Ligand code: PEP
Ligand code: MG
C-alpha cells in the first residue's frame, strides 16, 4: 500500500479503480510535408471544428453548471484565435515544412511553459488550458474521436479519475455516473478540479504532485477527501477502516435526506428559515438539492474576480436572472459586491493599503464609484422581475452610508421607470451587520432597512481585532467569544424592537453547537453552505427552546 498526501477539496470517501487520463497518450510524430497550402488549410479547418465544438460545450455548460464555469470555453476560444498562438503553429508548418500535429504540439509546449513560469497563480493555471486546446486540435487533426480517451472512464464502473489537472471540458465529457472520485497532480483549492468536484459532490484530493504516478493506472484506490489522503492498493485494515468511515458518512447523509420537505421546527413549535449561501451559479443546484428555503447570501463578487474588466450590466443581469428563474418562488438575497481586502481585482486599481481589511472595500468603493454600483443595481433590479430578489449592502458602519446607498438605489429605479424596464417594486433592502459600529447603532439602522443579516466572519475579526486571514493568530480567532455572542443578541433585540427580521449568514450559522443559543435569542433566519442545511434542520427538531431559553439568556446576560 502507498499513502499519498494532498489537499482534500471535497469531503467524502471514494473507492475505485484508478484511471489516469494522460494527454501524452498520443505518439506525436514529426512528418515532412510537401504541400504547404494544403497543410495550413488542414490546420485551419481543424481550428474551425474545435471552435464550433467549444461553442457547443459552452452551451452545455451554461445549462448544467452555470455562466461562471461556462466562461472557460469562451477563454479557450479566445486562446485558439490568439494571434501569437496561431502564427507560432503556422510558422512552424511553413519554416520547417512539417505536419500540423507536430506544429501544434510545439506551440503547446512553448505557451504552456510560458504560462507555468508566470508568478500570478491565475495565469499559471492557464497552462492547463493551452494543453487542453492543443489536445483537442491534435485529436481533430488526427480525426480521432475523443470518446476513445473517455472509454477508459466510461467503460469502468466506479473509477477514480486521475489527471495532471482536469479541465472543465474533460470533466463535462465524462460519464459522471462512473466517477467516484478525483485525484490530481496539480490543483489548489481554487483550481477547476476543486470547484467542479464541489459542484458535483465528488470526493477529491488535488495537488498530489509527483507522488501520483501514471503507473498506478489500474490499481485499486481510496480517496479520503476529509484528510486529503489517497491510498494505492490499500491493505485490508485500511479498507475496513475507511469503509466504516464511508458507511457512517453515507448513513448520516441518508438519514438527513428523510428531512427534505420537512419544516424547520423545534420541539416546542418555533420555526426559523434555513437558507443557503451561494458563491457562484454552480452552487445553485446544491441549494435545491439540500432543500434550503432560499438564498440568504448571494456573494456577487465572483462576477468581478478572475477577469480583466468590469462585468457589464447585461452580463450581470443574465446571471441574476437565471438564478431568480432557477430558484422559482424561493427568495434570493443578493449582497452587492464586497470587493477589496482579500478579494482583489486588478482592474479596480485599488491602492496598496497597510490594513486592507479596514480599508477601501465593499460599500465604501460602491459609494465612492457610483457608476460601478449603479451598473450592479440596475442588473439586480432588472432581474427582480423574474423572481423574489432582495438587496443587501455589506460592511456598513453608519446610517448615512445606508441612506446614500438607498438613494442610489432609488435613482436606479427611477431610471428604469423612465426607460419602461420592468422590475419588482417590492424589492426589500437589508444590510449586513458585520462591524461593531453597525451593532452599536443597530437600533438606528433598523429604522432604515427591511432586514439585517449578521456576518459573523467579519464581526468576529473586527470585534476581536484578529485578522481572519492571518495564520499566525488564527488560534485567537474565536467566534464563540462572549463579546461576539453578546453583539449578536444586541442586534437581534434591536431588529425586533423595530419590527424587522434578522438572520445570520456567517459560518457560525452552520455551527450546531450554537443553534440552541441562536434560537433562544430569537434569530429568524440562518444561512449557510448548502450541505449543512439538513443537519441544522435535524438539530432544530431536537431543541425545546422554552426549556433552554432562560438558562442560555442568563449565561450571556450583561
Ligand atoms: C461575514 O463576514 O460573515 C460574511 C458572511 O461575509 P464574507 O464571509 O463574505 O465576508
Ligand atoms: Mg463579511
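Throughout, read-outs are computed from the coordinates displayed, never taken from laboratory work. Just so it is clear, the structure is predicted and the values come from calculations on it, not from any experiment. Backbone-built Cβ (ideal geometry, glycine too); neighbour counts: all protein chains shown.
Structure summary
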{"item": "Per-residue Cβ neighbour rank within 10 angstrom, fewest leading, 544, 458, 285", "result": "544, 285, 458"}
{"item": "Pairwise centroid distance, computed over Cα atoms, of the range 428-504 with the range 320-334, Å", "result": "26 Å"}
{"item": "Rounded to 10°, Cα long-axis angle of helix 545-556 versus longest principal axis of the chain", "result": "80 degrees"}
{"item": "Ranked packing of 475-484, 40-49, 392-401, most packed first, by mean Cβ within 10 Å", "result": "392-401, 40-49, 475-484"}
{"item": "Between helix 236-257 and the chain: long-axis angle, C-alpha atoms, 0 to 90°, nearest 10", "result": "50 degrees"}
{"item": "Packing rank of 227-236, 69-78, 273-282, where each peptide gets the mean count of other beta carbons within 10 Å, highest leading", "result": "273-282, 69-78, 227-236"}
{"item": "Degrees, to the nearest 10: 36-64 long Cα axis against longest axis of the chain", "result": "20 degrees"}
{"item": "Fewest-first sequence of 105, 496, 251 by Cβ atoms within 10 Å of each Cβ", "result": "251, 496, 105"}
{"item": "Fewest-first sequence of 416, 297, 519 by Cβ atoms within 10 Å of each Cβ", "result": "416, 519, 297"}
{"item": "Relative packing of 256-268, 379-391, which averages over residues the other C-beta atoms within 10 Å, highest first", "result": "379-391, 256-268"}
